[in-house]
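Below is one structure, written out as structure tokens, with a few remarks after it.
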Ligand SMILES: O=P(O)(O)OC[C@H]1O[C@H](OP(=O)(O)OP(=O)(O)O)[C@H](O)[C@@H]1O
Ligand SMILES: NC(=O)CC[C@H](N)C(=O)O
Ligand code: SF4
Ligand SMILES: [Mg+2]
């Protein structure tokens, strides 16, 4: 069998739920957690884990972990064990630090001076190596190579300013933020609350939703008194599958407490003076589900805008516009709309062929394009493994010309913040062949969206009221909008130690 990798690795998904009102709750917290996690499956398929708590003063935590997809990681019998949960957090993993095995599977649960905490993490610590040594110097033993275990242990450490008798979680989380600037979106469960945390750069997403009765879901009159519970998720797409209303995003550097009494913003930790937020721009380009909302805008709409911008920057003399399914479709529609060319489908994707299994992944919808000049849109070219066989297929099936337009700039640099990008040498944009990329992949022409074009397509939809919401009284630097583009530009949001 022949294998050839394509694309860039996903990331992780975190999800949490706290039942509102009286406990024990009537809300099926375990079911909400499982459904929420299934909706984040695109962010990681290696393993999954769920931890629930009954929320009592000396709480009982129930933990389930398994390898593979959410649907296969837990047996129905095992899920029954979670039924007394009044709150819980869960995680679906794509490993970046520490191999894909059960002991690295999240959430991590450790006992601290004040009781057990459970931690779910999306991201990757840029200073994990040095921090590991530092923590070990304190006499803390680490049982895995995972940076998420490191976060858990850092939270368990007494911060310098803490009192002995009661834990000060804000102080502990701030201490973590002092030790490591990025990249993490975290859910920390302690007894009867969940702390939702985004690093000061806001590199990874995190948002909050409100569970309301189905009858009130679409009613504008549904008020706080109708709240059945609170949910928190890497992406808002999961709210649709559990009947929750989008509430708001957790801000960069913010620590939000979620309890049965509601949502409370405890603090917003500032970035160093002058530093902009650095939300991963590739969430918009490729990772996120198109029905998710970031920074007040739907990912699908941003992808369409990228396609429109691409049509402005790289117009093509052609007959039809099409997509490399799945994720490039909104950009292709945007390109078609802007260029005035008709949009048609030229490829049929076999959804049962895995990411690394070379061919046949696509079939040609010959009748739609034989004898025509095709502009084919993809959202990204990474190694270049996907696009070449497609061009060959389309030409053999009768396309007169195939012009490739890419709705993001060439990827040239590795990511150290939670995404597995191939090594520099593996990236097609760094190879000598890139000088004649069209000839190399067999296209009639190839053009990419510029960095400026991508950034403007992303940022023009961030409404000024959204920008205002990002201002915190203590942190004027969070006033402005900013995105990480490091894999495209080599400009990392923080100075790297290697
Ligand atoms: O240049 P390469 O290394 O081949 O990778 C680039 C391709 O990988 C991704 O798609 P993927 O096949 O993951 O599927 P999707 O578009 O359906 O999400 C991306 O959308 C590109 O099409
Ligand atoms: N992709 C991620 O967010 C991974 C989280 C963490 N670094 C892990 O490897 O488990
Ligand atoms: S380097 Fe690229 S993939 Fe990594 S966080 Fe930045 S934009 Fe996202
Ligand atoms: Mg693709």
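The values are calculated or read from the model by the stated rules, or taken from the named source; none is laboratory data. Everything quoted here is computed from the prediction, not taken from an experiment. Cβ coordinates were reconstructed from backbone atoms using ideal geometry, including for glycine residues, and neighbour counts include every protein chain displayed.
Per the listing 339, 380, the residue uniquely within 29 Å of residue 281 (Cβ to Cβ), away from ligand 4 (no atom under 16 Å from the Cβ), in contact with a strand residue (DSSP E or B) (Cβ under 7 Å, 6 or more places away or on another chain) and in contact (Cβ under 8 Å) with a residue 12 or more places away in the chain is 339. Would you point out which residue out of 96, 112 is at pLDDT below 95 and farther than 24 Å from residue 17 by Cα? On inspection, the qualifying residue turns out to be 96.
When every residue of segment 184-193 is checked against the conditions, none turns out to be free of Cβ contacts under 8 Å to residues at least 60 places away in the same chain, surrounded by fewer than 24 Cβ atoms within 10 Å (Cβ to Cβ), within 26 Å of the chain's Cα centre (by Cα) and outside the structural domain of residue 418 (by TED's automatic domain parsing). Scanning segment 363-395 for residues that are crowded, with 19+ Cβ neighbours inside 10 Å and assigned to a helix (DSSP H, G or I), which turns out farthest from ligand 2 (Cβ to nearest atom)? Only one residue tops the list, namely 394.
Remark: pairs (first residue in segment 110-131, under 30 Å from residue 56 (Cβ atoms) and more than 15 Å from ligand 3 (Cβ to nearest atom); second residue outside any strand (DSSP E or B) and modelled with pLDDT under 95; Cβ separation under 6 Å; 6+ apart in sequence or on different chains) = 110/156; 112/156; 114/167. Taking segment 287-298 as the range and being within 15 Å of ligand 4 (Cβ to nearest atom) and outside any loop (DSSP other than H, G, I, E, B) as the test, only 287 passes.
Here is a yes/no grid of residues against (1) outside the structural domain of residue 392 (by TED's automatic domain parsing); (2) more than 16 Å from ligand 3 (Cβ to nearest atom); (3) under 27 Å from the mean Cα position of the chain (by Cα):
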| position | (1), (2), (3) |
| --- | --- |
| 306 | no, no, yes |
| 318 | no, yes, no |
| 325 | no, yes, yes |
| 331 | no, yes, yes |
| 362 | no, yes, yes |
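Restricting attention to segment 143-176, the residues that are part of a loop (DSSP other than H, G, I, E, B), in contact with a helix residue (DSSP H, G or I) (Cβ under 6 Å, 6 or more places away or on another chain) and within 16 Å of ligand 2 (Cβ to nearest atom) total 2.
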